[in-house]
1. Considering only residues that are of a type in the set (Gly, Ala, Ser) and open to solvent by 50 Å² or more (accessible area, probe 1.4 Å), which ones fall in segment 42-56?
2. Which one is surrounded by the most Cβ atoms within 10 Å (Cβ to Cβ), of the residues in segment 134-143 that are in contact (Cβ under 8 Å) with a residue 12 or more places away in the chain and not in a helix (DSSP H, G or I)?
3. Specify the residue that is surrounded by the fewest Cβ atoms within 10 Å (Cβ to Cβ); the eligible residues are those in segment 72-121 that are of a type in the set (Phe, Trp, Tyr) and free of Cβ contacts under 8 Å to residues at least 24 places away in the same chain.
4. Any chance segment 57-68 includes a residue that's open to solvent by less than 40 Å² (accessible area, probe 1.4 Å) and not in a strand (DSSP E or B)?
5. Quick check, is Glu32 open to solvent by 40 Å² or more (accessible area, probe 1.4 Å), assigned to a loop (DSSP other than H, G, I, E, B) and at pLDDT 95 or above?
6. List, please: which pairs have Cβ atoms under 8 Å, are six or more places apart or on different chains, and start with a residue in segment 44-58 that is of a type in the set (Lys, Arg) and end with one that is open to solvent by 30 Å² or more (accessible area, probe 1.4 Å) and in a helix (DSSP H, G or I)?
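The values are calculated or read from the model by the stated rules, or taken from the named source; none is laboratory data. Everything numeric in this text was worked out from a predicted model, so none of it was measured. Note that we place each Cβ from the backbone using ideal geometry, even for glycine, and neighbour counts take in every protein chain shown. Quick note on the areas: whole protein, heavy atoms, side chains included, nothing else; ligands and nucleic acids left out. Shrake-Rupley method; radii C 1.70, N 1.55, O 1.52, S 1.80 Å.
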Amino acid sequence: MDPCSIDRMMKKQLSTSNPEKKKSGAPKTVDEYFATVAEPARTVLTRMRAAIRSALPPEATETISYCMPAFKTKKVLVWFAAFKDHCSLFPTAAVIAVFTDELKGFSTSKGTVHFPTDRPLPTALIKKLVKARLDQSEGKGRR
């Protein structure tokens, strides 16, 4: 088939314009998300998940939000995700701003902290970030 043919363009349009097809590949549960993550990121993300869980109240639940794992109570508190060479925690920009000094040595951007998969995961720091986010969401301040 000619790469510029009408048939090929129509087939391409049909395959990319179907919203159900796009959604079918997105994970619906945190376990489905983890099943798609390759090592070593899966091990690091599993440790991150445990650290986050330990810093939150028992009623916090896992969910998928923006195609990423997240923990929520009344609303989403933090997101976390795996990438090729790092795992990210998304505790909000306000929380990151409070911990600027403690986050030196880690790549950060507005709302996210990158933890390289080839370095030990700072679980104590992750717990502090998550607790600060919980306090922030409950109106108790930032730290």
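1. Listed by number, the residues that qualify are Ala50, Ser54.
2. Arg142
3. Ranking the qualifying residues of segment 72-121, first place goes to Phe106.
4. Yes; the residues of segment 57-68 include at least one that is open to solvent by less than 40 Å² (accessible area, probe 1.4 Å) and not in a strand (DSSP E or B).
5. Considered against the rule, which asks whether it is open to solvent by 40 Å² or more (accessible area, probe 1.4 Å), assigned to a loop (DSSP other than H, G, I, E, B) and at pLDDT 95 or above, Glu32 comes out as no.
6. Arg47/Thr123
Let's see how each residue does on (1) among the hydrophobic types (A, V, I, L, M, F, W, C); (2) more than 21 Å from Ala60 (Cα to Cα); (3) touching a His at 6+ places or on another chain (Cβ under 9 Å); (4) not in a helix (DSSP H, G or I):
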| residue | (1), (2), (3), (4) |
| --- | --- |
| Thr100 | no, yes, no, yes |
| Gly105 | no, yes, no, yes |
| Lys127 | no, no, no, no |
| Ala132 | yes, no, no, no |
